[in-house]
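Before I ask anything, let me first share the structure, which is written out below as structure tokens.
The values are calculated or read from the model by the stated rules, or taken from the named source; none is laboratory data. Everything numeric here is computed off the predicted structure, so don't read it as measured data. Here the Cβ positions follow ideal geometry from the backbone for every residue, glycine too, while neighbour counts run over all protein chains shown.
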Amino acid sequence: MENKIRVFSGNSNPILAEKICDCLKVPLGKAKVKTFSDGEIMVEIGENVRGRDIYVVQSTCCPTNNNLMELLIMIDALKRASAATITAVIPYYGYARQDRKAAPRTPITSKLVADLITTAGAARVVTVDLHAGQIQGFFNIPVDNLYAAPVLLAHLKSRFADDPDNLVMVSPDAGGTERARAFAKRLGCTLAVIDKRRTGPNVAEIMHLIGDVKGKNAIILDDMIDTAGTLTQAALALKQHGAANVYACATHGVLSGPAIDRINASVIEKVVITDTVPLGEKAELSDKIRVLSVAELLGEAIRRIHEDESVSSLFV
């Protein structure tokens, strides 16, 4: 594998890229990503990639536009260096929430980003927990949308497996009910849903709770935590309905704006996220945040893709 495969990383998530390389037992590829004083990005590949299968690890998280441009320019550089194939490994796919026309005269930006990645030269995309599954159809190249569920479930089972009768999985909105139900089934616990009405962008109002949480450990499950407004309001509502303890679990810890302050001031005992988005300095100092790694999941997916094996077993 060492002779044929190469993993490169931009600036968004180099630690995750190094962990993936450790899992694959290959060195991290040599690349310089520079930003000129006028803001232009320049990428220089520091090794021969001719005829090799390349995997570029880059989350398009904050600063979203810079990281997206780094990804596109790195793919272009590798294509012009005669790489055999280029796979964009995007643990967190930015702009995923703009997946439809939610109002007149608005863009479908996640489709635009898909077109940019394909045009740049990517032959395949590997990502984790897309905000909307239909984004896979925005690409005209293969897309492997992996799920962080095995990583999260392993942690939850080690923490709560002894008392499933006093555990309840909570979906913070109707759209996440299927995800929460799948977790509840595997943990052998009950399910609750919070009826949420959004009053504006990044603003949510909790209406009421469907299900019984009284005296139980409640785990709020979502695909991402952005400003944590929905999360902290949901946690408060669960406490008001008699939950003994409230925990939160999500794949992507975007944690923008006032998110960390809200989490620290909330009734939540612990927030469990993965490293698809790197933590900021403020988040690293919070004792309420626990980070799990998806490096083994992504590493195994890359290995199977490279060796032409099935990756379908990683989707559950």
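Report those strands (runs of 3 or more DSSP E) wholly inside region 73-148 carrying at least 3 residues which are modelled with pLDDT of 95 or more and over 20 Å from the mean Cα position of the chain (by Cα). Talk me through it step by step, then tell me what you get.
Details: elements: 85-90, 124-128, 143-146.
Hits in region 73-148: none.
Being at pLDDT below 95 and aliphatic (A, V, I, L, M) is the filter here; which residues of region 1-23 pass it?
Passing the criteria: 1, 5.
Within region 53-74, track down each residue that is of a type in the set (A, V, I, L, M) and out of contact with any Phe, Trp or Tyr (no Cβ under 6 Å at 6 or more places or on another chain).
Scanning region 53-74 gives 54, 57, 68, 69, 71, 72, 73, 74.
Filter region 274-298 down to the residues that are surrounded by fewer than 21 Cβ atoms within 10 Å (Cβ to Cβ) and among the small types (Gly, Ala, Ser), then identify the one that is farthest from residue 227 (Cα to Cα).
Step by step, filter region 274-298, then rank; the result is 293.
Report whether or not residue 65 is surrounded by fewer than 17 Cβ atoms within 10 Å (Cβ to Cβ), in a helix (DSSP H, G or I) and polar (S, T, N, Q).
yes
Which of the residues that make up region 267-315 are touching a helix residue (DSSP H, G or I) at 6+ places or on another chain (Cβ under 7 Å), part of a loop (DSSP other than H, G, I, E, B) and charged (D, E, K, R)?
The answer is 288, and nothing else.
Residue-by-condition table, conditions (1) buried (at least 18 other Cβ atoms within 10 Å of the Cβ); (2) among the aliphatic types (A, V, I, L, M); (3) touching a Leu at 6+ places or on another chain (Cβ under 9 Å):
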position	(1), (2), (3)
224	yes, yes, no
230	yes, no, no
251	yes, no, yes
268	yes, yes, yes
272	yes, yes, yes
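Quick test for you: out of 171, 256, pick the one residue that is closer than 16 Å to residue 274 by Cα and of a type in the set (Ser, Thr, Tyr). So that I can check it myself, show each step before the final result.
Details: 171 fails: closer than 16 Å to residue 274 by Cα.
Result: 256 is the single residue among 171, 256 that is closer than 16 Å to residue 274 by Cα and of a type in the set (Ser, Thr, Tyr).
What number of residues in region 68-109 are among the hydroxyl-bearing types (Ser, Thr, Tyr) and surrounded by fewer than 24 Cβ atoms within 10 Å (Cβ to Cβ)? Give the steps one after another, and end with the answer.
Going residue by residue through region 68-109, those that are among the hydroxyl-bearing types (Ser, Thr, Tyr) are 82, 85, 87, 92-93, 95, 106, 109.
Among the residues that remain, those that are also surrounded by fewer than 24 Cβ atoms within 10 Å (Cβ to Cβ) are: 82, 85, 95, 106, 109.
Counting residues in region 68-109 that are among the hydroxyl-bearing types (Ser, Thr, Tyr) and surrounded by fewer than 24 Cβ atoms within 10 Å (Cβ to Cβ) gives 5.
May I ask you to verify whether residue 43 is aliphatic (A, V, I, L, M), outside any helix (DSSP H, G or I) and within 16 Å of the chain's Cα centre (by Cα)?
When the stated conditions are applied, residue 43 does not pass them.
Looking at (1) closer than 26 Å to residue 20 by Cα; (2) modelled with pLDDT of 95 or more; (3) assigned to a strand (DSSP E or B), which is the only condition residue 223 fails?
It is condition (2) that residue 223 fails.
What are the residue pairs meeting all of these: first residue in region 163-185, first residue surrounded by 15 or more Cβ atoms within 10 Å (Cβ to Cβ), second residue part of a strand (DSSP E or B) and modelled with pLDDT under 90, Cβ atoms under 6 Å, and 6 or more apart or on different chains?
Short answer, once both residue conditions are applied: 173/196.
In addition: Touching a Leu at 6+ places or on another chain (Cβ under 7 Å), aliphatic (A, V, I, L, M), assigned by the TED database to the domain that holds residue 9 and closer than 28 Å to residue 36 by Cβ - does that describe any residue in region 56-64?
Of the residues in region 56-64, the ones touching a Leu at 6+ places or on another chain (Cβ under 7 Å) are 56-58, 60.
Those still in the list that are aliphatic (A, V, I, L, M) too: 56-57.
Within this subset, residues satisfying the condition of being assigned by the TED database to the domain that holds residue 9 are 56-57.
Applying the additional criterion that residues be closer than 28 Å to residue 36 by Cβ yields 56-57.
Taking every residue of region 56-64 in turn, at least one turns out to be touching a Leu at 6+ places or on another chain (Cβ under 7 Å), aliphatic (A, V, I, L, M), assigned by the TED database to the domain that holds residue 9 and closer than 28 Å to residue 36 by Cβ.
Turning to a different aspect of this structure: Going through 218, 250 one at a time, which residue ends up being in contact (Cβ under 8 Å) with a residue 24 or more places away in the chain, touching a strand residue (DSSP E or B) at 6+ places or on another chain (Cβ under 8 Å) and under 30 Å from residue 56 (Cα atoms)?
The match here is 250.
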